[in-house]
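Read through the structure below, which is laid out as structure tokens, and then see the notes.
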Amino acid sequence: MMRTQIGLIALVLLVSAIGLYVAGAVAANMAGTVGGLLRVGLVMGALWLALPQLSSLFSRLPKWLLIATAIAAVIVAIRPAIMLYALGALVLLWFFGPRLATKADPTIAPRRPRRKA
């Protein structure tokens, strides 16, 4: 259902942009509106195409990594100069995060009991 809604929104935005362009509104003061409708429509169309892969990706990633990525995106938006450091920290969290979490609290990932020989 969500994919259908995104596709319809993209279609409406693109048709609106084309309609305003053909109607000659670009010569008037609607050039920015037509450009915005076209860009947002194209992005929504790309999201519509990629939605199955994105939903499977988000379902496989751990929640703590998604939260860390969102925090890193906010920090990079505030200070773009530290983008490489944030990317490096995310890569380190990706590799070492599960190992550190299991060592810190054994209830996060309980270990299987050993078999008796």
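No value in this document is a laboratory result; all are computed from the given coordinates. None of these values were measured; they are calculated from a predicted model. For neighbour counting, all protein chains shown are included, and Cβ atoms are generated from backbone atoms with ideal geometry for every residue, glycine included.
Tell me, in nm to one decimal, what length is gained between V76 and M2 on full extension, where the rule is 0.36 nm per residue of separation less the Cα-Cα distance?
Working: separation 74, 0.36 × 74 = 26.64 nm, distance 2.95 nm.
Going from the current span to full extension adds 23.7 nm.
Rounded to the nearest 0.05, what FRET efficiency is calculated for T69 and L11 with R0 set to 30 Å and r the Cβ-Cβ distance? In this case the efficiency is close to 0.50.
Each 5 Å bin, from zero up to the one with the longest distance, holds this percent of the alpha carbon pairs of the range 1-60: 4, 21, 22, 18, 12, 9, 7, 4, 2, 1.
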